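As structure tokens, the structure follows; a few thoughts come after it.
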Amino acid sequence: MTAAENVQRKKLRGGQVRRLLDAAAALTPRRAPIGEPRRIGILLSWGVGDSVQTLPLLQAVRRRWPQAEIVALGKSWLEELMGDEGLFDAYADLTPPWTRHLGKYRLWDRHWLRFRGQIVALRRYPFDLLIGVRPDPRDVLLARLLRPRAYAGLAVFGGGNWISCDLGRGLDDPGNQPGPALAAHAARQLTGLEAAPVARFAGASARPAPREAPVLAVAFGASHPIRRWNGPAISRVLAGVRARPGKLIAIDHEDGPDFAAPPSWDLERWRGNLHGLKAMLAGIDVVFCTDSGVMHIADAAGCKVVTLFTSGNISRFAPPGQSIYAVEPMPCRPCGDHCIYPVPLCVERIDEAAVSALLERALNEV
């Protein structure tokens, strides 16, 4: 299959799903005015990056309805990541099996049994308003299963008669909008409040004072192998950087490759949970990483970020204003981490010298 055929197949499949959802919603309409909700649920059931990118919307919802009970619906690490932001009153575990890399639709396995139990539990305490801003028709279907009184979502992905407020109204292609820009647009549609199109944690403005030599962190752990790169290549990139940092922090992860620091660099290894990572990155100047949750946390913490993009959607997930390297042209990107080649060309063709130059420029700018 060629890259063009792969892209066309995904478009056709997406169109079929949207038409099915629209037909189902026409037969079972469920809309209600939003009014002044007392209990609000927000769907954050995908990855760390998706959750961080919704910060403009989350902050606007809290400002608009300060007295409402706001519940984050997602994976168990959500409280660890967001607990100190003051955005939620409660957290509820909701892990759709389709957010996994493998075995998404094995309806008989324990993940689907657990998911069905989570749906039943959440339906006992219905939401006045449920919000979902991820560009994915499965979130529209999930919202219908949860039976909120009103749902704010993206009508372009189907199920229009289930949606009380179209968060994508006025956008030609919500699926390719930068995540924070889409969240800010959704915030204006839903709350009427202005939101900056950048994701920032509450403490991001309290950055460390400028230092003579910046602190650099390196993180190449990722949930999918195609996004990790390899240790020897990372070592060569670091060796090609002439601007020596004051300290190099290697963020260890069970999925991360081993790499070597140049002999004269002061190396320190760090490992911890998401809350600790967020606190640690608040004191880092530059982060060199792959397209991952670490990239989004670092950006939201106010770090300068240099990122290698392999298979991910650059227009949607690249942090605005940060340094991005990607092999181009790569017409099969984004591929959903299902490579159509014997080896992933978006990894194999990375120009290490060009990456070293990007990283050196970032260190010098600090």
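The values are calculated or read from the model by the stated rules, or taken from the named source; none is laboratory data. These numbers were taken from a predicted model, which means no experiment stands behind them. In this analysis, Cβ positions are derived from the backbone assuming ideal geometry, glycine residues included, and neighbour counts consider all displayed protein chains.
Condition first: polar (S, T, N, Q), touching a Leu at 6+ places or on another chain (Cβ under 9 Å) and either touching a residue at least 60 places away in the same chain (Cβ under 8 Å) or surrounded by 14 or more Cβ atoms within 10 Å (Cβ to Cβ) (or both). Can you find one or more residues in the stretch 106-121 that meet it? Show your work before the answer.
Here is the first cut: in the stretch 106-121, the ones polar (S, T, N, Q) are 118.
With the extra rule that they be touching a Leu at 6+ places or on another chain (Cβ under 9 Å), the set shrinks to 118.
Going one step further and asking which of them are either touching a residue at least 60 places away in the same chain (Cβ under 8 Å) or surrounded by 14 or more Cβ atoms within 10 Å (Cβ to Cβ) (or both), we end up with 118.
Scanning the stretch 106-121 turns up at least one residue that is polar (S, T, N, Q), touching a Leu at 6+ places or on another chain (Cβ under 9 Å) and either touching a residue at least 60 places away in the same chain (Cβ under 8 Å) or surrounded by 14 or more Cβ atoms within 10 Å (Cβ to Cβ) (or both).
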Q: Kindly indicate the residue of the stretch 235-253 that is touching a helix residue (DSSP H, G or I) at 6+ places or on another chain (Cβ under 9 Å) and assigned to a loop (DSSP other than H, G, I, E, B) and also farthest from S76 (Cα to Cα) among those meeting that condition.
A: R242
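In this structure, does P232 turn out to be in a loop (DSSP other than H, G, I, E, B), outside the structural domain of L43 (by TED's automatic domain parsing) and either in contact with a strand residue (DSSP E or B) (Cβ under 6 Å, 6 or more places away or on another chain) or free of Cβ contacts under 8 Å to residues at least 60 places away in the same chain (or both)? Step through it out loud before you land on a result.
On the way: in a loop (DSSP other than H, G, I, E, B): no; outside the structural domain of L43 (by TED's automatic domain parsing): yes; either in contact with a strand residue (DSSP E or B) (Cβ under 6 Å, 6 or more places away or on another chain) or free of Cβ contacts under 8 Å to residues at least 60 places away in the same chain (or both): yes.
No.
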Q) Out of curiosity, is T290 out of contact with any Ser or Thr (no Cβ under 6 Å at 6 or more places or on another chain), at pLDDT below 95 and among the hydroxyl-bearing types (S, T, Y)? A) yes
Q | Residue satisfying condition, being surrounded by 15 or more Cβ atoms within 10 Å (Cβ to Cβ) and in contact with a strand residue (DSSP E or B) (Cβ under 7 Å, 6 or more places away or on another chain), within set L248, L274, L238 | A | L248
Q: Return yes or no: is A32 at pLDDT below 95, more than 25 Å from the chain's Cα centre (by Cα) and among the small types (G, A, S)?
A: yes
Q.
When you scan the stretch 216-226, do you find a residue that is outside any loop (DSSP other than H, G, I, E, B) and either free of Cβ contacts under 8 Å to residues at least 12 places away in the same chain or out of contact with any strand residue (DSSP E or B) (no Cβ under 7 Å at 6 or more places or on another chain) (or both), even just one?
A. yes
Q. Where in the stretch 254-366 are the strands (runs of 3 or more DSSP E), entirely inside, with at least 1 residues that are touching a Leu at 6+ places or on another chain (Cβ under 6 Å) and among the small types (G, A, S)?
A. 323-326
Q.
Condition first: in contact (Cβ under 8 Å) with a residue 40 or more places away in the chain and among the polar types (S, T, N, Q). Now tell me which residues in the stretch 305-318 satisfy that.
A. T310, S311, N313, S315
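Going by the conditions given, is Y151 crowded, with 19+ Cβ neighbours inside 10 Å, over 17 Å from the mean Cα position of the chain (by Cα), among the hydroxyl-bearing types (S, T, Y) and farther than 30 Å from L363 by Cα?
Values: crowded, with 19+ Cβ neighbours inside 10 Å: yes; over 17 Å from the mean Cα position of the chain (by Cα): yes; among the hydroxyl-bearing types (S, T, Y): yes; farther than 30 Å from L363 by Cα: yes.
Yes; evaluated as a whole, the condition is true for this residue.
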Q: Mind counting the residues in the stretch 88-104 that are buried (at least 18 other Cβ atoms within 10 Å of the Cβ), at pLDDT 95 or above and in a loop (DSSP other than H, G, I, E, B)?
A: 2
Q: Return the total of residues in the stretch 319-356 being over 22 Å from the mean Cα position of the chain (by Cα), in contact (Cβ under 8 Å) with a residue 60 or more places away in the chain and within 19 Å of V237 (Cα to Cα).
A: 5
Q. If you go through the stretch 122-148 one residue at a time, how many are more than 28 Å from N313 (Cβ to Cβ) and surrounded by fewer than 18 Cβ atoms within 10 Å (Cβ to Cβ)?
A. 5
